[in-house]
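Working notes for the structure below.
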Amino acid sequence: MEHEIDLNEALTYIDPAELDYQTWVNVGMALKHEGYSVGVWDDWSRRDINRYHAGECAAKWESFNGSAKPVTGATIVQLAKENGMTFGCGEGRALDWDDYIEYDGSRPQDDHVVVDKKWVEGRELSVPSVWDPARQVITYLETLFEQNENVGYVMKSWERDGKRLPANKGNYDRTAGQLIEELSKCNGDIGAVLGDSDPDGGAWIRFNPLDGKGVKNSNVTEYRYALVESDSIDIERQNAIIRELELPVAVLVYSGGKSLHAIVRIEAANYDEYRKRVDLLYNICQKNGLSPDTQNRNPSRLSRLPGVQRGNSRQYIVDTNIGKSSWNEWREWIEGVNDDLPDTENMAAAWDALPELAPPLIDGVLRQGHKMRIAGPSKAGKSFSLIEMCCAFAEGASWLGWKCAQGKVLYVNLELDRASCLHRFKDVYTALGLPPNNLENIDIWNLRGRSVPMDKLAPKLIRRAAKKNYIAVIVDPIYKVITGDENSADQMAHFCNQFDKVCTELGCAVIYCHHHSKGAQGGKRSMDRASGSGVFARDPDALLDLIELDIPETLLKEEKNKAICNICYDALMRNGYSDVSQDDMVTARAMLEHAEKHLPADALAEVKQRIAAAEKAAESRTAWRIEGTLREFPKFSPVNVWFDFPVHRIDMVGVLRDVDAESERAPWQKASEKRKDQAKKQNDSNKVKFENAMITANFGEAPTVEMLVDYLSVSERTIKRWIEKFGYRVDKNTMAVLKNDNGTT
């Protein structure tokens, strides 16, 4: 019983969205049994955005009245342990079941905690030295209302279970100005203006203005104030906490009983905003030891009216206009009062003792613990490149020519079904020729169909990865988890901040995949091609971008020629034939002739199969250029690669060096080049037909123009144009068509 454990920490390991209803209820019962407040259960339950309903926890809480076999904090501890939490104290001691579990909201890691509840000292109330009931009410009205606003109040009470309660709706059809004027003339007899109150019950007033037609929430005309009332601690400590919290209190009233009534400036534009602000207000009060009565949430709620007797005590104003002057000022202050930002440091002190730079994760590209974005158009093989990267990390190999550090990596798969993803990893390993010696270094989190916005995914990811010692977390692709409008700078800044959290909490790099915007990209800088806000270009430490290259027909023919030559040469060598000249070695037609002449039938059949497969692969291959923008390293020269499904291979010989990106040429340029290619093909075809006719039209002898016209069935004009174009002439004596003496065209 000597050890203290904060169940708030255990709750961070339990996702309410993953629990059934009864287990969720058990958590609430355990918290109440251990002395926690309903606010702790309510705050935790809010994480289940689909099932959470405001007020449900408070209503359920009241039904937890204890039992002979209570649900205890051990239930929460066990759930946390099942979700990866390990408990320790001092020298790594494991949690015992009889350990003492205590809620201590004063811990500095708790958000919005200002008051150290263990050390808060009570503050005595300022009792009015002169009792002036009319002045008390006038001050209250002048502080909270405009002259023309209707005020609701109740002077009569009735008894239930020993308590005095407001007797009816009371009055609500008089303005603050009317009441102030009459109270100023009543000579201290407020009963003559408001009606006599019951001495034992006191009186009540509504702190928000009404429309004069009723006292429901719908009758409230301005959502200006909220009531904070708590009777769980003594009056002096209530007074101290309210002031230490700097609550923007317009009027602080002693109720004449066990509590202070703080009328807090909410300044909401509508009822929905009012509810959200009151929830936040109550939550922060709860964390700081002031447990507000949640039944006071309504904007039409009654509060204690100062200036009247309540039993042996009086209801009176303790203070006005204390704390921050407005809701916004207080909100900004409470958000920043206990931030976890580091202190500033002086460069002079660090000059001779500079910290070590994070070691490279990808040599010359990315450091460990930093962020990288990979972007490209559809079908660039981005996912395959990331899987290749995972394999490189696992085995300590190179990725696209860059040496990678070795370690554990988490691949967050948001797009592929589980089977496809696992097959891809095996296919990539095989295609790369990597021996799978360290498969235990690769963890895959398959979330297709289960992805959630990144601000919800990040804490789940951090919790699962906390003790795995990953060197990198790869998220593929991010469009599945983007929170908000990807063209909004502030929303995307919030989105990218989630990657910072993952980096900071796990001490690893985050690498994510994004897509290009629509339209031509060749004229843009590589860092600006990704879709969405410019935040995507400014946030990462390294940006790699893939853009497709437009493979010329001649290069495709060269690649096919090279493949045919290599296949034939390999088969000839294996079959003991090496009498191939250097010229033949680079000519597909010559190598095929050698193969057909010197290979046995089965070997030749295999060669033809391999050639057909190689030609098909060459036609399906795409070429890509990788460009980068780096924060920590010098800019590298563009890297040209072939995407030879399922892996990318570097262009080691440089055939892609001078190839333009597909989108770098304007549409009219592409059309012009297409016409030129078509014209060249047509021209080559006509030349072949003409030269064949020169041989056969006159049985091997030089034909005349007339013979060629008859043989080819074209006009004389066409024949004369081809004669000139293809390097021929007409002999003036014999009228025969002859080759030019110099043989040129």
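The values are calculated or read from the model by the stated rules, or taken from the named source; none is laboratory data. Worth saying up front: this structure is predicted, and the values here are computed from it rather than measured. Positions of Cβ are backbone-derived with ideal geometry, glycine not excepted, and every protein chain shown enters the neighbour counts. Only protein heavy atoms, including side chains, enter the accessible area calculation; ligands, DNA and RNA are left aside. Shrake-Rupley method; radii C 1.70, N 1.55, O 1.52, S 1.80 Å.
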For this session: Determine which single condition residue 379 fails, assuming it passes every other condition in (1) surrounded by fewer than 15 Cβ atoms within 10 Å (Cβ to Cβ); (2) of a type outside the set (Ser, Thr, Tyr); (3) part of a strand (DSSP E or B).
Result: (3)
Problem set entry | Residue check, residue 738 modelled with pLDDT under 90 and outside any helix (DSSP H, G or I) | no
Problem set entry | Which numbered condition residue 125 misses (of (1) free of Cβ contacts under 8 Å to residues at least 60 places away in the same chain; (2) farther than 17 Å from residue 209 by Cβ) | (1)
Exercise. Identify, please: which residue in the range 265-297 is touching a residue at least 60 places away in the same chain (Cβ under 8 Å) and under 17 Å from residue 144 (Cα atoms) and is, among those, surrounded by the fewest Cβ atoms within 10 Å (Cβ to Cβ)?
Worked result: 267
Exercise. What is the number of the single condition among (1) farther than 26 Å from residue 240 by Cα; (2) surrounded by 14 or more Cβ atoms within 10 Å (Cβ to Cβ) that residue 141 does not meet?
Worked result: (1)
Problem set entry | Search result, residues across the range 709-726 that are under 21 Å from residue 684 (Cβ atoms) and surrounded by 14 or more Cβ atoms within 10 Å (Cβ to Cβ) | 711, 712, 714, 718, 719, 720, 722, 723, 726
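Listed residues 388, 395, 415; which is touching a residue at least 40 places away in the same chain (Cβ under 8 Å) and under 23 Å from the mean Cα position of the chain (by Cα)?
On the way: 388 fails: under 23 Å from the mean Cα position of the chain (by Cα); 395 fails: under 23 Å from the mean Cα position of the chain (by Cα).
Answer to the check: 415.
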Exercise. Is at least one residue of the range 334-352 surrounded by 20 or more Cβ atoms within 10 Å (Cβ to Cβ) and either modelled with pLDDT of 90 or more or touching a Leu at 6+ places or on another chain (Cβ under 9 Å) (or both)?
Worked result: yes
For this session: List every residue pair whose Cβ atoms sit under 7 Å apart, with the two residues 6 or more apart in sequence or on different chains, where the first one lies in the range 139-156 and is more than 17 Å from residue 220 (Cβ to Cβ) and the second, anywhere, is of a type in the set (S, T, N, Q) and surrounded by 16 or more Cβ atoms within 10 Å (Cβ to Cβ).
Result: 139/320; 143/320; 147/175; 155/197
Exercise. Out of curiosity, is residue 236 surrounded by fewer than 22 Cβ atoms within 10 Å (Cβ to Cβ) and assigned to a strand (DSSP E or B)?
Worked result: no
For this session: Go through (1) part of a helix (DSSP H, G or I); (2) open to solvent by 40 Å² or more (accessible area, probe 1.4 Å); (3) under 24 Å from residue 134 (Cβ atoms) and name the single condition residue 193 misses.
Result: (2)
Exercise. Of the residues in the range 302-320, how many are open to solvent by 10 Å² or more (accessible area, probe 1.4 Å) and either of a type in the set (Val, Ile, Thr) or assigned to a strand (DSSP E or B) (or both)?
Worked result: 11
For this session: Those residues that are assigned to a loop (DSSP other than H, G, I, E, B), open to solvent by less than 50 Å² (accessible area, probe 1.4 Å) and either of a type in the set (Phe, Trp, Tyr) or at pLDDT 85 or above (or both), I need them from the range 18-51; list them, please.
Result: 19, 36, 48
For this session: Would you check if there is a residue in the range 439-447 being assigned to a loop (DSSP other than H, G, I, E, B) and open to solvent by 20 Å² or more (accessible area, probe 1.4 Å)?
Result: no
For this session: Taking residue 163 as meeting all but one of (1) farther than 19 Å from residue 142 by Cβ; (2) modelled with pLDDT of 95 or more, write down the number of the exception.
Result: (2)
For this session: Go through the range 533-618 and tell me which helices (runs of 4 or more DSSP H), entirely inside it, have 1 or more residues that are of a type in the set (Ser, Thr, Tyr) and surrounded by fewer than 18 Cβ atoms within 10 Å (Cβ to Cβ).
Result: 553-574
Problem set entry | Criterion violated by residue 512 - all others in (1) at pLDDT 80 or above; (2) of a type in the set (Phe, Trp, Tyr); (3) in contact with a Gly (Cβ under 8 Å, 6 or more places away or on another chain) satisfied | (3)
Exercise. List the pairs whose first member sits in the range 606-625 and is at positive phi, whose second member is not in a helix (DSSP H, G or I), and whose Cβ atoms are under 9 Å apart, counting only residues at least 6 apart or on separate chains?
Worked result: none
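With 383, 325 as the choices, which residue is closer than 25 Å to residue 498 by Cβ, hydroxyl-bearing (Ser, Thr, Tyr) and either out of contact with any helix residue (DSSP H, G or I) (no Cβ under 6 Å at 6 or more places or on another chain) or in contact (Cβ under 8 Å) with a residue 24 or more places away in the chain (or both)?
On inspection, the qualifying residue turns out to be 383.
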Problem set entry | Which listed residue, of 427, 417, is of a type in the set (Asp, Glu), closer than 24 Å to residue 465 by Cβ and surrounded by fewer than 18 Cβ atoms within 10 Å (Cβ to Cβ) | 417
Exercise. Which members of the range 643-656 meet the condition of being of a type in the set (A, V, I, L, M, F, W, C) and modelled with pLDDT of 90 or more?
Worked result: 643, 647, 650
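If a residue has to be assigned to a loop (DSSP other than H, G, I, E, B) and β-branched (Val, Ile, Thr) to count, how many in the range 206-233 make the cut? Please lay out each step first, then the result.
Looking only at the range 206-233, we keep the residues that are assigned to a loop (DSSP other than H, G, I, E, B), and these are 207-209, 211-216, 221-222, 230-233.
Applying the additional criterion that residues be β-branched (Val, Ile, Thr) yields 215, 221, 233.
Total satisfying the criteria: 3.
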For this session: Kindly list the number of the only condition in (1) surrounded by 14 or more Cβ atoms within 10 Å (Cβ to Cβ); (2) in a strand (DSSP E or B); (3) not hydrophobic (A, V, I, L, M, F, W, C) that fails for residue 178.
Result: (2)
Exercise. Can you find even one residue in the range 117-133 that is open to solvent by less than 40 Å² (accessible area, probe 1.4 Å), hydrophobic (A, V, I, L, M, F, W, C) and at pLDDT below 85?
Worked result: yes
For this session: Considering only residues that are exposed (fewer than 11 other Cβ atoms within 10 Å of the Cβ), among the polar types (S, T, N, Q) and modelled with pLDDT under 70, look in the range 657-703 and name the one that is nearest to residue 554 (Cα to Cα).
Result: 678
Problem set entry | Scan of the range 388-414 for residues that are open to solvent by 50 Å² or more (accessible area, probe 1.4 Å) and of a type in the set (Ser, Thr, Tyr), ordered by number | 398
For this session: Report yes if some residue within the range 357-366 is among the hydrophobic types (A, V, I, L, M, F, W, C), assigned to a loop (DSSP other than H, G, I, E, B), open to solvent by 40 Å² or more (accessible area, probe 1.4 Å) and at pLDDT below 90; otherwise report no.
Result: no
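Is it true that residue 262 is crowded, with 23+ Cβ neighbours inside 10 Å and out of contact with any Ser or Thr (no Cβ under 6 Å at 6 or more places or on another chain)?
yes
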For this session: Take the residues in the range 418-447 that are of a type in the set (Ser, Thr, Tyr) and more than 27 Å from residue 481 (Cα to Cα), then tell me which one is farthest from the chain's Cα centre (by Cα).
Result: 430
